[in-house]
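Here's the structure, in structure tokens; my notes come after.
Laboratory data are not the source of any read-out in this text; all were calculated from the coordinates shown. Since we're looking at a predicted model, the values are computed, not measured. All Cβ positions, glycine included, derive from the backbone under ideal geometry; neighbour counts span all protein chains shown.
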Amino acid sequence: MSQRPRASLGRVLDDLGDSLLELLAGDPAHEGEIGGVVIHDPDDEPVHPAGALVLAVGVPAGELPGLVREVGRRGAVGLVVRAPVVLTADLSAAVEDARIALLGLRRGATWAQLTALLRSLLAEGDIGPAEAETLGGLPSGDLFAVANAIGALLDAPVTIEDRSSRVLAFSGRQDEADASRVETVIGRQVPERYARLLTELGVFRELYREHRPVVVDPARLDEDRISKQRVAIAVRAGDEVLGSIWAAMDGEVTPERSAAMRDAASLVALHMLRVRAGADVQRRLRTDLVSSVLEGGAGARDALGRLGLAGRPVVVLALALRHESVDHEPDPGGASSLERAADALAVHLSAAVPASAVAVVGGVAYALVPLPGDGAEPEERAARLAREFCERLGARLPVVVGVGGVAPDVSAIVASREAANRALRVLRDGVAPGTASRSVARLADVYTQSLLLELRDLAAARGERPVGPIARLLDYDERNDSGLAETLDAWLDANGDVRTAAAALFIHPNTLRYRLRRLEQVSGLELSDPEQRFAAMLQLRILAPR
């Protein structure tokens, strides 16, 4: 058994060079493998793994020579900067002295896209050993190598896509296609307007029904950015459609080309199944390790070490979907919404904290985020990362995240998880004032609301019911549909401000004053007594939650 090697710098340039990266200076045939991706932050000195590929996001041109020499001293294999870059004598000398490769991120591509692509190339071999296998003479599961082989066979740039038109891999020579193909490759997704147009024309229906290549004439699409015809074929495993192969080619689809595409589809199916199987194994292993760490006990320390987090302070994040109704709805690829959110969180954290571990355990996605620092600073940084993640997802996949405390050792991780779960529960409940619009919270931010929820649980377990004035008020409301309890609740929330409470209930202030007098008569509650007001608020929050 041997560890599957990571990608080399030359492999990254071969796979991503046409559309994302260009070599500006230095030797791309750097010995050794890429040990990880690091984003340079001048205000936060990151830990550089051996053979790191450093992303210089937003670094001014004048600071590049110094940064090149610095990352070279740290053992990096390459530095990626935003192109175009003027190669001054000082910069060229720095690259030569550091013995690294200077790469440029092409215009139109984003740092987030580059990070996601690099992660997909470096992901294999992260956890556990694997046999060096081949399928059809190509490395098992290496869809980029498969795409390049098919592209050479068809003499056309090729993409391999899943059922949701997400680009899983692409061949070289994408610049020989048209503008829409470049847009698709850079975004790793067929643009929605093209996908909708293909659906309306019945292309996907024909593609998934037929076992032959389907030709899409660009004239049918009526799009200026599409100039080359597309030839596509479905990738199947038995009766299941796994995805499709798309070639941007000119000329007639000869019988030889059709046969080549059918053979390619069979080969891609094998590799896609291998990728799925490998991903499932890695996901299960990572889930088992994260679960062992969160539960504590005898195996927690060993599991933490296997995740590469031994001896490092950790903050636990707990993520769930805001709405239960979409918690387990599968997408066309078979993953639930929560699993997709967990995968997205893993990608998000990989850019800022590469050693983070994310897994779905018991219906909640947990992240173990190693963040060094003193006091509450790591906790605040984790909350900031979580807020940025929620903002990126937006309304497409609304999630809430509870942030635990800093755990300096494995024994404290259980307490950090508990704190994250308590904060998460308040956010998912969404009833306490101010929590409905929040996506991220630490326990300190929602501590009182958390205590109230726990008191509510205790009261429910004991079968407690409202008593005294509140009981009489609720009984009167039930018999007369008068809404007096709601009036009292709004008035207490407004701290006795009649106008604010009336606005919340959409009634006139005089109507509210009348209702307050009426509820005093019905219940016997004296609103001028602070003790009775507190007792009423407590019962309404715990025994009769809104």
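Pairs of Cα atoms under 8 Å, at least six residues apart: use those to get the relative contact order of the chain, whole percent. Don't skip to the answer; put the middle values down first.
Values: 902 pairs, mean separation 49.2, N = 546.
Relative contact order here is 9 percent.
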Would you be so kind as to identify which of V190, Q521, L309 lies farthest towards the positive end of the dipole of the chain, taking Lys and Arg as +1 and Asp and Glu as -1 on Cβ and the Cα centre as origin?
Q521
Determine the dipole magnitude for the chain: charges of +1 sit on the beta-carbon of Lys and Arg, -1 on that of Asp and Glu, nothing else is charged, the reference point is the Cα centre, and the result goes in debye to the nearest 20.
1020 debye
Using alpha-carbon positions, the gyration tensor of the stretch 134-276 gives root eigenvalues a ≥ b ≥ c; with a/c under 1.5 called rounded, otherwise prolate if a/b exceeds b/c, else oblate, the class is rounded
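With only alpha-carbon atoms in the gyration tensor, what are the semi-axes of the equivalent ellipsoid for the stretch 465-542, in Å, largest first? Don't skip to the answer; put the middle values down first.
Working: eigenvalues 65, 42, 24 Å².
Semi-axes from the Cα gyration tensor: 18, 14, 11 Å.
State the antiparallel share, in %, of DSSP beta bridges confined to the chain, rounding to the nearest 5. Before the final figure, lay out each step's value.
Details: 46 of 61 bridges.
Percentage antiparallel, nearest 5: 75.
Antiparallel versus total DSSP beta bridges in the stretch 307-460: what percent is that, nearest 5?
Details: 19 of 22 bridges.
For the stretch 307-460, the DSSP antiparallel bridge percentage is about 85.
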Helix 509-523 versus the longest principal axis of the chain: what angle, 0 to 90°, nearest 10, using Cα atoms?
60 degrees
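Taking the Cα centre of the stretch 307-460 as origin and charging only Cβ (+1 Lys, Arg; -1 Asp, Glu), how large is the dipole, in debye to the nearest 20? Before the final figure, lay out the partial values.
On the way: 15 positive and 18 negative charges, 36 e Å.
So the dipole magnitude of the stretch 307-460 works out to roughly 180 debye.
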Among S244, P65, G296, whose Cα lies farthest out toward the positive end of the dipole of the chain, if unit charges sit on the beta carbon of Lys, Arg (+1) and Asp, Glu (-1)?
G296
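Rounded, prolate or oblate: pick one for the chain, where a ≥ b ≥ c are the square roots of the eigenvalues of its C-alpha gyration tensor, a/c under 1.5 means rounded, and failing that, prolate if a/b is larger than b/c, else oblate. It would help to have the intermediate numbers written out before the result.
Values: a/c = 2.31, a/b = 1.74, b/c = 1.33.
Here the chain falls in the prolate category.
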Of the residues P378, V86, L168, the Cα lying farthest along the dipole of the chain towards its positive end, which is defined by charges on the beta carbon of Lys, Arg, Asp and Glu, belongs to P378
Rounded to whole Hz and in sequence order, give me ³J(HN,Hα) for the stretch 455-463 from the Karplus expression 6.51 cos²θ - 1.76 cosθ + 1.60, θ = phi - 60°, writing x for Gly and Pro.
5, 5, 4, 4, 5, 5, 5, 8, x
